[in-house]
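No lab work stands behind these numbers, since they all come straight from the coordinates. All values derive from a computational prediction rather than experimental measurement. Note: ideal-geometry Cβ built from the backbone for every residue, glycine included; neighbour counts use all protein chains shown.
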Amino acid sequence: MRLDVVTIFPDYLTPLDLSLIGKAREDGLLDVRIHDLRDFTHDRHRTVDDTPYGGGAGMVMKPQPWAEALDHVLALDNPSGAKPRLLVPGPGGRPFTQALARELALEPWLAFACGRYEGIDERVYDHAREDLGLEVSVVSLGDYVLNGGEVAVLAMVEAIGRLIPGVIGNAESLVEESHEDGLLEYPIYTKPSSWNGRDVPSVLLSGNHGAIAQWRHEQRLARTAARRPDLLHASHAGGADGGDLEIAAATPGDVPELAVLLLACAAREAGAAGTSGTPDAHASVDDVRASLDTSITWVARSGGRLVGAVRTPRSPSPDGEWAISRLCVAPDLEGRGLDRRLVEQAEAAAPDGTRSVTLHLGSGRPEALKAYRKAGYRPADGSSSLPGTVTLVKRRR
Ligand code: JD8
């Protein structure tokens, strides 16, 4: 992705040389170019501002240097005549959100115009749209007053840049994305377990993953209620087992969200099984789409969010065996019986004449096996299981 920034303070943007964004630039993932607006003035004082027509406080940025700077950006290393999307930070802009960051991360080229003083002469926006043919968006970092656009650009480039594949690129980051469910983070702790007379909450040392997941969810709810009550949505109140769970056969519209969920589960199971390697996100989306033709994926939604999935065949097998596979629950919702609800749905879909139901599971959560034993499943004998998986069987009469 190419990023051009026009500013009267190029030094303000030197942090983009550092850390993950700096590394991404070295790796060629981000092509960041900083331009000094004053290089496009022609007077001895390199003047970029003047007094406002109609009166009022402060100064306004003159249109001419901006027009020349934009011409320069568009002409630079651009034989194909491509056009960037132009983003102008301003307190009156569209709020910059994670959703907008995701949208902008898909663009091949972004240009940022950093205003100062009272802002930029309005005709610059009209010129960029109507004469240069650019899509222009005024974007605000938040409801407080800054002195110029540079700090907003630093924040936006960081938020956008980290979404570019390869900039952070690991399985954990995909799991993290699946947590973008509108609740704040739970509190986190590291060693030592007792420090300065303060102990880490004992549940985190218990090894009880269901209890830990439940505690963390409660902490997220309590924190969100205290700090950001505006984020609380009915879907979080009862949890995934709170009655709003809807299970239906997946359609192509479910594929992107389903692929992220399955990657999160795969990453989690790889971690639990001690195997390494990053699943390939692109291969996975295609695989998931193709799988809808050959099998049925049942998806569970809670409050609109896709929280779980399971796969069954499209047609009966001649030997009367009904295979349930790819059971997957959002990592933050484990231990709430969602997997049971999905397995029940998968069993209910079994055709007449089914003699046995086989359940193919990852061996990542041995504690879950107890619940399946209760539901009538027994470990399958023989060599049918792949490494890191277990196969359970339930006979039907
Ligand atoms: C760009 C000039 C300052 C703007 C008078 C002093 C973003 N969330 C945000 N808050 N403020 C900005 C922002 C402020 C800017 C400029 C962005 C250029 N100023 C001016 C008009 C009113 N002040 C911002 N993104």
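If packing is taken as the average count of other Cβ atoms within 10 Å, what order do 299-307, 71-79 fall into, highest mean first?
Details: 299-307: 20.3, 71-79: 13.0.
Descending packing order for the listed peptides: 299-307, 71-79.
If the reach is capped at under 29 angstrom between alpha carbons, list the lysines near LYS62, excluding any in the same chain fewer than eight residues apart.
List returned: LYS83.
Counting only helical runs of four or more DSSP H residues, what would the 222 nm mean residue ellipticity of the chain come to if each run contributes -39,500 (n - 2.57) and the total is spread over all its residues?
Details: 12 runs with 128 residues, N = 397.
Only helices count here, giving -9500 deg cm²/dmol.
Counting Lys and Arg as +1 and Asp and Glu as -1, what is the net charge of the other residues whose Cβ lies under 15 Å from the Cβ of ILE120? Walk me through the numbers on the way to the answer.
On the way: positive: ARG38, LYS62, ARG116, ARG123, ARG129; negative: ASP49, ASP50, GLU68, GLU118, ASP121, GLU122, ASP126, GLU150.
Net charge around ILE120: -3.
Can you give me the long-range amide H partners of ALA111? Hydrogens built in the peptide plane at 1.01 Å from N, cutoff under 5 Å, separation of 5 or more residues or another chain.
ASP4, ARG85, LEU86, LEU87
Could you rank the peptides 210-216, 326-332, 225-231, 114-120 by their average count of other C-beta atoms within 10 Å per residue, with the highest value first?
On the way: 210-216: 16.6, 326-332: 22.3, 225-231: 10.6, 114-120: 20.6.
Top of the packing list down: 326-332, 114-120, 210-216, 225-231.
Mind listing the phi-derived Karplus ³J(HN,Hα) values for segment 342-354, rounded to whole Hz, using 6.51, -1.76 and 1.60 with θ = phi - 60°, and x for any glycine or proline?
Taking θ as phi minus 60°, the curve returns 5, 5, 4, 4, 5, 5, 5, 7, 5, x, 4, x, 5 Hz for segment 342-354.
Taking a Cβ-Cβ separation under 4.7 Å as the criterion for a possible partner, which cysteines of the chain have none?
When partners are defined as cysteine Cβ atoms under 4.7 Å apart, the chain leaves CYS114 without one.
Sort the following peptides by mean Cβ neighbour count (other Cβ atoms within 10 Å, averaged over residues), highest first: 52-61, 122-131.
On the way: 52-61: 11.9, 122-131: 15.0.
Top to bottom by mean Cβ count within 10 Å: 122-131, 52-61.
Could you give each residue of segment 313-321 its phi-based ³J(HN,Hα) in whole Hz, using Karplus coefficients 6.51, -1.76, 1.60 with θ = phi - 60°, and x for Gly or Pro?
x, 8, 9, x, 9, x, 8, x, 9
Where both partners of a DSSP beta bridge lie in the chain, what percent of those bridges are antiparallel, to the nearest 5?
Working: 29 of 54 bridges.
Roughly 55 percent of the DSSP beta bridges within the chain come out antiparallel.
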